[in-house]
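One structure is given here, and the rest of the page talks about it.
The values are calculated or read from the model by the stated rules, or taken from the named source; none is laboratory data. Just so it is clear, the structure is predicted and the values come from calculations on it, not from any experiment. Here the Cβ is made from the backbone with ideal geometry for all residues, glycine too, and neighbour counts use every protein chain on show.
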Amino acid sequence: MDYFIELLFGGLTRGSIYALIALGYTMVYGIIGLINFAHGEIYMIGAFTSFIVATVLSIYGFPLLAIVVIAALAAAVWSSAYGVTIEKIAYRPLRHAPRLSPLISAIGMSIFLQNYVLLAQTSDFLSFPALIPEFAFMEPVAHIVGSSDLVILVTTALVMLALTVLIKFTRIGKAMRATSQDRTMAMLVGINVDRVISATFVIGSALAAIGGMLIASHIGQINFYIGFIAGIKAFTAAVLGGIGSIPGAVLGSLVLGLTESFATGYVSSDYEDVFAFSLLVLILIFKPSGLLGKAETKKV
Amino acid sequence: MFPVKELKRSLFVSIWFAFLTFPIMVIKVDSIERIVTWRWNNMIFIAIGSFVLSILVKVYFVRKERRAASKKAQTVLTEPFVHRILREPRFLYPLCLACLAFALLFPHLFSTYQTNIMTTALMYVVLGLGLNIVVGVAGLLDLGYVAFYAVGAYSYALLNMHFGLGFWVVLPIGGLLAAFVGILLGFPVLRLRGDYLAIVTLGFGEIIRLVLENWNDFSQGPSGISNISRPGFFGMDLSFAASINYIYYLVVGLVIFTIFVVNRLQNSRLGRAWLALREDEIACQAMGIDKTKTKLMAFSLGAFWAGLVGVIFATKTTFVNPASFTFLESAIILSIVVLGGMGSIVGVILGALALILLPEYLRALSEYRMLAFGAILVIMMIFKPEGLISNVRRRYRFKQQPSSESE
């Protein structure tokens, strides 16, 4: 039973991280209809930024709480800056190009960013400092659920709540929903669509950066390649839930995280990534609209 | 030419990039020794570089606008220079002969090392031409192309190891197996739209690699299969140098064969169906083209070439392991097709030679190879989506008869 609960929480933790990344995919797809292939790299850059900032601060002797807060803020700020810049450089000029052009451009951007970090930093695995302390009150259950699992779950829940409030009740959230429904019409009623798209990239990138920092602190090591696999898996989660749908992305991520956790726990850990990819292929073949997505009918 | 406003803008761009790259380019930490290295000179390079680049881009767009304004009246499609030459038999035949002669003499003019590099480049030419059928002509973005390459390589490695089959027997088998896998993959995914198709093929490529890596009994896992025999030459034992030359000539033969087939395909009924499919699926179906069959043909024909090259790869290196078949390999082949010009055969050949040979000869730059590939994909899409040498459609003109019956 303990093993089952351990796997359950392991799956939920994974799922929460996927959710933080998948939200970026699904929001961008909902608004400009593009698979932002470079999103996994944003997450990787978030992990690297928080690693660098946290290490520098700890060398200069800051207290742990200050390190965590500043590193998280720095990761969010720089990742958002990267997200907005990528959109300006690689996607905006291609907004009216044929469908495949922005996708190829996104793939190029992803390869570029990976190698940029590889060249500027290192190709080795870096050991990430443990930013989350072991809480005393978690002691009795520590063999099943770690403190970092708890922190990840709580943080994700809070972030989701904030995001829901933002989308449902603020001006920019309303503008985002309008833009994703009909971009031309949104322009006609006076919404600055460019600004809405930038805001989407900022929010999505910041979420991914927080996810990157949490998972890096949970697993304890990072390298320049982590974004690729995480990006594909989060994309799988977004498609599973129905791409473009925000609750769908969260649901899909949790389902994917649990599937992976149980499959590796009870079947085999060698094929961890194969499960995710097979799931992706199967969903796209049998239910491309996902769990919560609307099936699109194309009119000619 | 340069108003102050533009300079201010460029200054802003350079400050932005200096800020953007600050944590990753400037700070380098060693968490074990607890040392922080500040590399401020990187920041200066980035600032100056982005300043200059932003001005250049601005100039480019201003010029482009001016040209567009002045040429609005005459929108004559000018064929690219290379195609104009190739259209003329007067230039075409001597040029082909010269290329052929150079290719045949190459191993005698240069060292074994150079021949080896050239062999690799020519293998990429074939891979590029194969992927060009799928991406360039039929418009199906395939990000898992390397999977078919792996199928070819592993089919030779395994058949050679278990049954001792020779190169010439496996060459067609490898190609056909890859084509078969292409059909297997093609069947379920053909209903998907462009970008979903790209992701599924990417997932498929990764699945093949992960299976090869983890299924130890079948493929010997990450350590791979070594001691694959080189191709035989009428039962003779060739020396090392001779066998390299032999493989080189083999690949040259394969390139010529590929160019011939791909060229014939492009103007065939099937080739035109692919073009139509790329442009508009629905209109294409309305014209009575069998969508499924046409797409499957593109997939399996593209995979066939990858399988052939895979077999040659296995015999050339005498060693295969899953690390040779990562997503980056697919990305390199895709860059070749995109850089050369999607759909254009000459373009793809030049693209492959440029992308594979340049990093080999500019050793200092080879570290930046993948960085450049990524940048090429983005830059080509923004500035020249049709590639270095854009493909020119065959045009059929309706000649007005100088008749008098219209009156």
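Remarks
Okay, residues lined up against (1) at pLDDT 90 or above; (2) among the polar types (S, T, N, Q); (3) within 17 Å of the chain's Cα centre (by Cα):
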residue: A:7; (1), (2), (3): no, no, no
residue: A:34; (1), (2), (3): no, no, yes
residue: A:65; (1), (2), (3): no, no, no
residue: A:87; (1), (2), (3): yes, no, yes
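- Qualifying residue in the range A:211-222 (condition: surrounded by fewer than 23 Cβ atoms within 10 Å (Cβ to Cβ) and in contact with a strand residue (DSSP E or B) (Cβ under 8 Å, 6 or more places away or on another chain)): yes
- Single residue of A:164, A:179, A:184 found to be touching a Ser or Thr at 6+ places or on another chain (Cβ under 9 Å) and assigned to a helix (DSSP H, G or I): A:179
- Filtering the range B:142-170 to residues that are aliphatic (A, V, I, L, M) and over 22 Å from the mean Cα position of the chain (by Cα) leaves B:157, B:158, B:159, B:161, B:165, B:169, B:170.
- Any hit, the range B:282-289, residues being more than 14 Å from chain A (Cβ to nearest Cβ) and farther than 30 Å from residue B:112 by Cβ: yes
- Taken over the range A:127-140, the criterion of being assigned to a loop (DSSP other than H, G, I, E, B) and touching a Leu at 6+ places or on another chain (Cβ under 9 Å) is satisfied by A:131, A:132, A:133, A:135.
- Only a single criterion out of (1) out of contact with any helix residue (DSSP H, G or I) (no Cβ under 8 Å at 6 or more places or on another chain); (2) under 28 Å from residue B:374 (Cβ atoms); (3) part of a helix (DSSP H, G or I) is not satisfied by residue A:124, namely (3).
- Condition check for residue B:347: assigned to a helix (DSSP H, G or I), assigned by TED's automatic domain parsing to the domain that holds residue B:159 and either out of contact with any helix residue (DSSP H, G or I) (no Cβ under 8 Å at 6 or more places or on another chain) or under 29 Å from residue B:381 (Cβ atoms) (or both): yes
- Residue satisfying condition, being among the aliphatic types (A, V, I, L, M) and assigned to a helix (DSSP H, G or I), within set A:35, A:17: A:17
- Meeting the requirement of 1 or more residues that are closer than 28 Å to residue B:285 by Cβ, the helices (runs of 4 or more DSSP H) wholly within the range B:154-228 are B:167-189, B:194-214.
- Residue within the range B:104-123 that is modelled with pLDDT of 75 or more, of a type in the set (A, V, I, L, M, F, W, C) and not in a helix (DSSP H, G or I) present: yes
- Filtered by the rule that a residue be crowded, with 20+ Cβ neighbours inside 10 Å and more than 9 Å from chain B (Cβ to nearest Cβ), the range A:58-74 gives A:67, A:68, A:71, A:72.
- Residue check, residue A:77 more than 10 Å from every other protein chain (Cβ to nearest Cβ) and either part of a helix (DSSP H, G or I) or polar (S, T, N, Q) (or both): no
- The set of residues from the range A:75-111 being surrounded by fewer than 24 Cβ atoms within 10 Å (Cβ to Cβ) and of a type in the set (Val, Ile, Thr) comprises A:77, A:84, A:85, A:89.
- Inter-residue pairs, beta-carbon under 9 Å, first more than 12 Å from residue A:242 (Cβ to Cβ) and in contact (Cβ under 8 Å) with a residue 12 or more places away in the chain and in the range A:279-293, second crowded, with 20+ Cβ neighbours inside 10 Å and of a type in the set (Asp, Glu), 6+ apart: A:279/A:260
- So residue B:138, is it within 23 Å of the chain's Cα centre (by Cα), of a type in the set (Gly, Ala, Ser), surrounded by 24 or more Cβ atoms within 10 Å (Cβ to Cβ) and modelled with pLDDT under 90: yes
- The range B:29-79 - residue that is loosely packed, with under 10 Cβ neighbours inside 10 Å and in contact with a strand residue (DSSP E or B) (Cβ under 9 Å, 6 or more places away or on another chain) and, of those, modelled with the highest pLDDT: B:37
- Within the range A:267-278, restricting attention to residues that are free of Cβ contacts under 8 Å to residues at least 12 places away in the same chain and part of a helix (DSSP H, G or I), the residue that is farthest from the other protein chains (Cβ to nearest Cβ) is A:267.
- Flag if residue A:65 is over 30 Å from residue B:195 (Cα atoms) and either of a type outside the set (Lys, Arg) or outside any helix (DSSP H, G or I) (or both): yes
- Qualifying residue in the range B:189-201 (condition: farther than 29 Å from residue B:116 by Cα, touching a residue at least 60 places away in the same chain (Cβ under 8 Å) and in the same structural domain as residue B:297 (by TED's automatic domain parsing)): yes
- Of A:40, A:24, all but one fail to be crowded, with 24+ Cβ neighbours inside 10 Å, modelled with pLDDT of 90 or more, within 13 Å of the chain's Cα centre (by Cα) and within 21 Å of residue A:88 (Cβ to Cβ); the exception is A:40.
- Checked against (1) surrounded by 22 or more Cβ atoms within 10 Å (Cβ to Cβ); (2) within 14 Å of another protein chain (Cβ to nearest Cβ); (3) over 12 Å from the mean Cα position of the chain (by Cα); (4) not charged (D, E, K, R), residue B:340 passes all but a single condition, namely (3).
- Number of positions in the range B:353-383 that are under 20 Å from residue B:140 (Cα atoms) and away from chain A (no Cβ under 14 Å): 0
- Residues of the range A:188-198 that turn out to be loosely packed, with under 15 Cβ neighbours inside 10 Å and either of a type in the set (A, V, I, L, M) or assigned to a loop (DSSP other than H, G, I, E, B) (or both), as a count: 4
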